[in-house]
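Comments concern the structure below.
The values are calculated or read from the model by the stated rules, or taken from the named source; none is laboratory data. In this text the structure is predicted, and so the values were computed from the model without any measurement. Positions of Cβ are backbone-derived with ideal geometry, glycine not excepted, and every protein chain shown enters the neighbour counts. In case anyone asks, the SASA skips ligands and DNA or RNA and just uses the protein heavy atoms, side chains included. Shrake-Rupley method; radii C 1.70, N 1.55, O 1.52, S 1.80 Å.
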Amino acid sequence: GAGGGAGGGAAGIHKQVNARPVWKHATHEDRYLAFDGVAWLAQERVNLGRADGWLELFDAGCVSPDQSRQVWNASDGKDGWPAQPTITCRRPTDAEVTAEAVAASLLAEEEEASARSA
């Protein structure tokens, strides 16, 4: 996923929006990378596929943001989008995907056990 803390690590493809994959953050439930038709954006689920987010990558030619060599831009909270050359995007490793699946499974088991004991 987008590195540098602002974007974080993507857990994997969530679904598709604007004919491109949507990447869900590995640990932040409401953070995604999605294509709005012009740019890739780090955004909340409610804004998927819209021109609304806090990171943007203008590279309409890439099918997935990890394939781009362009520089990400970050919102400064006003009207500016300064370049962020240290932010990168990569696919998760098999180990990261497996660890996320194991963690999700353990959490589901804990929640189920808690519900039974309540």
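Numbers at a glance
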{"quantity": "Filter pass, Val22 being open to solvent by 80 Å² or more (accessible area, probe 1.4 Å) and β-branched (Val, Ile, Thr)", "calculated": "no"}
{"quantity": "Test: residue in the range 63-82 that is buried (at least 17 other Cβ atoms within 10 Å of the Cβ) and in contact with a Lys or Arg (Cβ under 6 Å, 6 or more places away or on another chain)", "calculated": "yes"}
{"quantity": "Flag for Ala101 being under 15 Å from the mean Cα position of the chain (by Cα) and small (Gly, Ala, Ser)", "calculated": "no"}
{"quantity": "Unmet criterion (only one of (1) under 19 Å from Val17 (Cα atoms); (2) open to solvent by 50 Å² or more (accessible area, probe 1.4 Å)) for Cys89", "calculated": "(2)"}
{"quantity": "One residue from Ala60, Ala34 being assigned to a loop (DSSP other than H, G, I, E, B) and either in contact (Cβ under 8 Å) with a residue 24 or more places away in the chain or open to solvent by less than 70 Å² (accessible area, probe 1.4 Å) (or both)", "calculated": "Ala60"}
{"quantity": "Selection within the range 63-91 - outside any loop (DSSP other than H, G, I, E, B) and in contact (Cβ under 8 Å) with a residue 12 or more places away in the chain", "calculated": "Pro65, Asp66, Trp72, Asn73, Ala74, Ala83, Gln84, Cys89"}
{"quantity": "Number of the condition not met by Glu29 [criteria: (1) of a type outside the set (Ser, Thr, Tyr); (2) touching a helix residue (DSSP H, G or I) at 6+ places or on another chain (Cβ under 9 Å); (3) touching a residue at least 40 places away in the same chain (Cβ under 8 Å); (4) outside any strand (DSSP E or B)]", "calculated": "(3)"}
